[in-house]
Amino acid sequence: MRRLTLLVVAAAVCGAVLAQDNTGYQLPPKDLADLLLAPPTPLVSVDRKGQWMLLSRRPSYPSVEELAQPELRIAGLRFNPGNYALSRQNFTNGFSLKNLGTGQEYPIQGLPVPLMAGNIAWSPGESKIAFTNTTGHRVDLYVIDIATRKAARVNATALNTITGGAYRWIDDKTLLYKIILKPANAAPPRQLVPKGPAIQETLGKSAPSATFEDLIRSPYDESLFAFYGEARLVKNIGGVETPIGKPGIFVSIEVSPDRRFILLRTIHKPFSYLVPANRFNATVAVIDVTGRPIKTIADLPSGESTPRGFDNTQNQPRDFGWRADKPSTLFWCTPLDSGLMRKRMEFHDAVYELPAPFTGDAKPLFRTKLRFADIIWGNDSTALVFELLRSRQMEHLLRFNPATGETSLLIQRNTTDAYSDPGAPVLIRNRFGEPVLRTVDNGTRLLLNNPVGSSPDGDRPFLSKFDLGSGHNDIVWRCPSGRFEFISEVLDADRLILLSREESPREVPNYYIKDLSSHTADKPVTSFVNPYPQLEGITREKVHYKRADGVDLTGDLYLPKGYDAGRDGPLPVLLWAYPREFNSAADAAQVRGSQFRFTTINWASPVFWVIRGYAILDNAEMPIVATDSSKKPNDDFVDQLRLNAEAAIHKLSAMGVGDSNRVAVGGHSYGAFMTVNLLAHTKLFKAGIARSGAYNRSLTPFGFQNEDRTYWEDPKLYYDMSPFSYADKITTPLLLVHGEMDDNPGTFPIQSERLYNAIKGHGGTVRYIVLPYEAHGYRGRENLLHLLYEENAWLDKYVKNAPRQPAGADTHRQKAF
């Protein structure tokens with residue numbers, strides 16, 4: 001009965017928009033459905049000694065009925081009021097342990113049924129693994145004992161995970177977590193008649209804000225958030241729960257490396273109606289592990305007062321944490337420029353420390369010329385500091401010497417320059433069990449791992465030794481050409497024994513032990529099989545081409561099994577893309593991705609249609625480049641989209657694989673925004689697919705994507721970049737799709753609703769699909785199958801089966817070349 005009710009509700013939701021199609025869910029062709037529902041390969045996690053591997057199995061997609069469970073959307077959060085847990089989570093439904101020495105795989109006894117596991121974490125000594133299990137009425141905490149390979153529930157009271165931070169390991173016997181205070185049936189009831197209106201007021205103080213979803217909107221929302229968010233912190237030793245301190249709405253819980261103190265960030269009233277919970281008024285304080293208050297570090301105001309601009313920040317301390325290399329020393333950052341990056345100053349941020357017992361004044365550690373972004377602690381002589389200027393796509397990597405206070409610049413790079421990315425430092429656990437920098441060669445070099453390794457030859461991951469003195473990055477291993485392989489874990493940094501993940505176009509990804517010191521053959525540790533036999537025989541190629549202004553572009557071309565251009569002729573084309581902004585044409589032209597990867601697929605992929613006889617150009621580069629120093633990338637947004645699209649279509653036509661008169665374009669989110677702009681301003685395409693986009697930029701007036709100018713600073717830019725402004729020009733058939741409960745800032749469902757009405761009002765061809773219960777990313781099995789049905793029918797009707805243009809005909813599409 002529940003299933004029947006759900007289908008009726010879904011049909012009603014869709015029917016509100018498409019009354020003529022009130023037929024319920026539809027199924028795509030079987031080959032597409034089989035691809036979608038193929039079980040994904042397990043996720044793996046290995047202990048740092050390389051002895052045990054945890055394999056976590058996942059379902060393909062949950063049912064829409066699971067998405068339809070009770071949900072409150074308050075303070076930027078979405079949670080199930082019945083179990084005090086965030087809703088829309090992805091769960092693991094199967095575990096096993098594999099001994100990497102013997103190759104033996106073991107089942108785990110005592111797992112809950114059904115298993116809906118999340119928040120999986122090894123204990124500090126890696127003798128145990130904890131995970132939460134979420135049911136419809138509670139969240140429990142389980143621990144797997146590696147020696148016995150048995151799982152057992154350890155909590156007595158249900159957990160409260162609504163504000164994040166499900167639990168923390170203190171040591172192999174002790175866990176820290178939040179529990180509920182009252183059962184859900186004690187929540188404040190909704191009154192039929194409210195006590196009064198919802199009132200907001202500002203008294204002349206600017207508060208620019210992004211268009212966040214699911215905010216507090218009434219006093220009743222406030223009472224619900226206070227009820228469900230409040231929790232009690234407990235310490236669990238051997239199954240015995242001991243309360244710690246007073247209840248509160250805790251959004252951050254961090255234990256000091258010596259396990260003596262806890263750093264808490266606690267939300268307090270008044271709650272904001274303009275920003276989500278993680279930006280509410282908060283107190284940052286230290287307590288000891290018994291709950292005794294030690295020191296209040298900061299009282300932070302609401303994030304409403306943050307100045308507009310990517311590089312601006314509140315004039316308040318931020319980024320609180322523990323030094324991983326010290327027993328119990330706090331650090332945090334404070335702006336030196338009142339939070340305004342436009343102020344001309346040599347240094348804009350300062351980082352301070354305060355050791356236990358947290359008395360006296362904080363000591364300055366170092367200052368940064370850009371915005372402080374992160375620090376990775378190492379030892380008394382070395383830490384890595386990252387500073388960033390997002391508006392200029394600039395990043396600096398510094399070496400900081402904690403003993404002397406000196407900093408030195410190691411790397412200066414543009415964040416869009418993929419070739420210059422040195423990789424991430426390999427970490428090791430120190431005497432406190434905290435991850436810190438792993439140095440080699442007597443502390444003179446760091447081990448860096450780059451699992452992407454972008455290069456002019458495509459992605460070739462590498463492992464390197466980075467010299468802290470000279471800044472030279474010496475590559476000690478790089479993925480060989482003709483395949484794709486990256487280092488998943490460094491098991492022994494001295495002997496360079498590694499866990500790698502290897503794949504090729506015909507070989508499914510699997511894991512291997514790689515010993516660089518002995519030069520022996522790699523030892524396989526998994527034997528996953530191909531979940532997509534339907535894709536066997538298709539071809540994948542990285543194609544290179546130029547747009548008219550000389551910018552180099554690439555894309556991933558997929559062609560059907562057995563296809564021969566000379567014999568079969570040009571195919572209908574689906575071009576799928578997502579635009580990105582660049583301040584440098586050279587960075588925009590860099591090669592991204594690898595043609596040597598195994599083809600995997602998920603619901604969002606356009607590759608489905610290669611088995612239906614289409615040529616697919618996926619990841620077609622759509623760079624939006626600042627053409628000179630006086631301009632910003634978006635100043636020429638529409639013109640550059642057109643250049644990118646023309647170049648891609650021309651390339652496939654010149655190769656003989658793509659029919660330039662039968663091309664569709666599609667994208668999700670900002671890719672949907674791109675799609676509708678192309679249909680509004682060109683006649684290059686037979687059809688478009690736009691999923692969960694934003695089409696009227698005046699509804700995101702304080703900036704969007706990487707555009708930081710406001711609507712009031714440049715209304716013409718907002719008008720010109722909004723395809724809604726040109727809805728009367730959209731005559732190419734457009735399939736619009738949106739999740740009914742989109743949670744992404746800016747992409748409210750009303751964006752698609754109003755665009756549909758505008759195109760319809762001008763006589764265009766448009767179909768609008770609302771997917772019940774879906775957020776910005778789609779998950780429900782029935783919804784995804786129906787989505788494939790809709791997309792396939794749209795492409796077949798308007799692209800594959802569109803009339804072919806007679807040879808020599810003078811069309812707009814041909815004139816574009």
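Some notes on this structure:
- Considering the conditions (1) open to solvent by 20 Å² or more (accessible area, probe 1.4 Å); (2) closer than 22 Å to ARG438 by Cα; (3) free of Cβ contacts under 8 Å to residues at least 60 places away in the same chain; (4) in contact with a strand residue (DSSP E or B) (Cβ under 8 Å, 6 or more places away or on another chain), VAL385 is excluded by exactly one of them, (1).
- Taking each residue of region 457-476 that is farther than 22 Å from SER488 by Cα and open to solvent by 40 Å² or more (accessible area, probe 1.4 Å) and looking for partners that are among the aliphatic types (A, V, I, L, M) and in a strand (DSSP E or B) with beta-carbon atoms closer than 9 Å, six or more apart or interchain, yields ASP467/LEU446.
- Answer residue from region 106-148, given it is touching a residue at least 60 places away in the same chain (Cβ under 8 Å) and open to solvent by 40 Å² or more (accessible area, probe 1.4 Å) and is nearest to PRO62 (Cα to Cα) among those: GLY136
- Of all the residues in region 707-745, those that are in a strand (DSSP E or B) and either open to solvent by 10 Å² or more (accessible area, probe 1.4 Å) or more than 21 Å from ASN757 (Cβ to Cβ) (or both) number 1.
- Tally, over region 149-159, of residues that are surrounded by fewer than 16 Cβ atoms within 10 Å (Cβ to Cβ), without any contact (Cβ under 8 Å) to a residue 60 or more places away in the chain and of a type in the set (A, V, I, L, M): 1
- Of residues in region 694-706 being part of a loop (DSSP other than H, G, I, E, B) and open to solvent by 10 Å² or more (accessible area, probe 1.4 Å), the one farthest from ASN801 (Cα to Cα): PHE702
- Of residues in region 584-628 being acidic (Asp, Glu) and farther than 30 Å from PRO62 by Cα, the one surrounded by the most Cβ atoms within 10 Å (Cβ to Cβ): GLU621
- Single residue of GLY360, GLY321 found to be open to solvent by 40 Å² or more (accessible area, probe 1.4 Å), of a type in the set (Gly, Ala, Ser) and closer than 23 Å to ARG260 by Cβ: GLY360
- Pick from region 255-289, criterion in contact with a strand residue (DSSP E or B) (Cβ under 7 Å, 6 or more places away or on another chain) and surrounded by fewer than 17 Cβ atoms within 10 Å (Cβ to Cβ), ranking: farthest from GLU213 (Cα to Cα): ARG260
- Residues of region 613-644 satisfying the condition of being of a type in the set (Val, Ile, Thr) and over 18 Å from THR416 (Cα atoms): ILE616, VAL638
- Being over 20 Å from LEU233 (Cβ atoms) and not small (Gly, Ala, Ser) is a condition met by no residue of region 152-170.
- In region 550-588, the residues that are touching a Gly at 6+ places or on another chain (Cβ under 9 Å), over 15 Å from SER653 (Cα atoms) and aliphatic (A, V, I, L, M): ALA577, ALA585
- Enumeration of residues in region 746-788 that are assigned to a loop (DSSP other than H, G, I, E, B) and over 22 Å from the mean Cα position of the chain (by Cα): HIS762, GLY763, GLY764, THR765, PRO772
- Yes/no for LEU491 being within 27 Å of ILE601 (Cα to Cα), buried (at least 17 other Cβ atoms within 10 Å of the Cβ) and not basic (Lys, Arg): no
- MET341 meets each of the listed conditions (1) in contact with an Asp or Glu (Cβ under 9 Å, 6 or more places away or on another chain); (2) surrounded by fewer than 20 Cβ atoms within 10 Å (Cβ to Cβ); (3) part of a loop (DSSP other than H, G, I, E, B) apart from (2).
- In region 670-682, residue surrounded by the fewest Cβ atoms within 10 Å (Cβ to Cβ) [restricted to those that are small (Gly, Ala, Ser) and touching a strand residue (DSSP E or B) at 6+ places or on another chain (Cβ under 7 Å)]: GLY671
- Listed here are the strands (runs of 3 or more DSSP E) enclosed by region 575-675 that have at least 3 residues being touching an Asp or Glu at 6+ places or on another chain (Cβ under 7 Å) and over 30 Å from LYS30 (Cβ atoms), and there are none.
- A single entry from ALA277, ALA226, ALA231, ALA187 fulfils the requirement of being among the hydrophobic types (A, V, I, L, M, F, W, C) and without any contact (Cβ under 8 Å) to a residue 60 or more places away in the chain: ALA226.
- Enumeration of residues in region 494-528 that are surrounded by 13 or more Cβ atoms within 10 Å (Cβ to Cβ), under 30 Å from the mean Cα position of the chain (by Cα) and in a loop (DSSP other than H, G, I, E, B): PRO505, VAL525, THR526, PHE528
- For region 229-274, a residue qualifies if it is assigned to a strand (DSSP E or B), farther than 17 Å from ASN160 by Cβ and of a type outside the set (D, E, K, R), and the qualifying residues are ILE237, VAL240, VAL255, PHE261, LEU263.
- Residues being touching a Gly at 6+ places or on another chain (Cβ under 7 Å) and either in a loop (DSSP other than H, G, I, E, B) or of a type in the set (Lys, Arg) (or both) - total across region 179-197: 0
- Within the span defined as region 296-306, every residue fails to be in a loop (DSSP other than H, G, I, E, B), modelled with pLDDT under 95, in contact with a Ser or Thr (Cβ under 8 Å, 6 or more places away or on another chain) and charged (D, E, K, R).
- Checked against (1) more than 17 Å from PHE673 (Cα to Cα); (2) buried (at least 20 other Cβ atoms within 10 Å of the Cβ); (3) among the small types (Gly, Ala, Ser), SER752 passes all but condition (1).
- Qualifying residue in region 683-695 (condition: at pLDDT 95 or above, in contact with a strand residue (DSSP E or B) (Cβ under 7 Å, 6 or more places away or on another chain), farther than 26 Å from ALA586 by Cα and of a type in the set (S, T, N, Q)): yes
- Residue list for region 307-322, filter: basic (Lys, Arg) and at pLDDT 90 or above: ARG318
- Residue among GLU71, GLU65 that is open to solvent by 20 Å² or more (accessible area, probe 1.4 Å), farther than 30 Å from PHE280 by Cα and of a type in the set (Asp, Glu): GLU65
- Screening THR296 on (1) in contact (Cβ under 8 Å) with a residue 40 or more places away in the chain; (2) over 27 Å from PHE400 (Cβ atoms); (3) surrounded by fewer than 20 Cβ atoms within 10 Å (Cβ to Cβ) shows it passes everything except condition (1).
- With respect to being open to solvent by less than 50 Å² (accessible area, probe 1.4 Å), closer than 30 Å to ASN430 by Cβ and among the small types (Gly, Ala, Ser), GLY165 fits the description.
The values are calculated or read from the model by the stated rules, or taken from the named source; none is laboratory data. From a predicted model like this one, the values you see are computed outputs, not experimental measurements. So basically every Cβ, Gly included, is an ideal-geometry build from the backbone, and we count neighbours across all protein chains shown. Just so you know, the surface numbers come from the protein's heavy atoms only, side chains and all, with ligands and any DNA or RNA stripped out. Shrake-Rupley method; radii C 1.70, N 1.55, O 1.52, S 1.80 Å.
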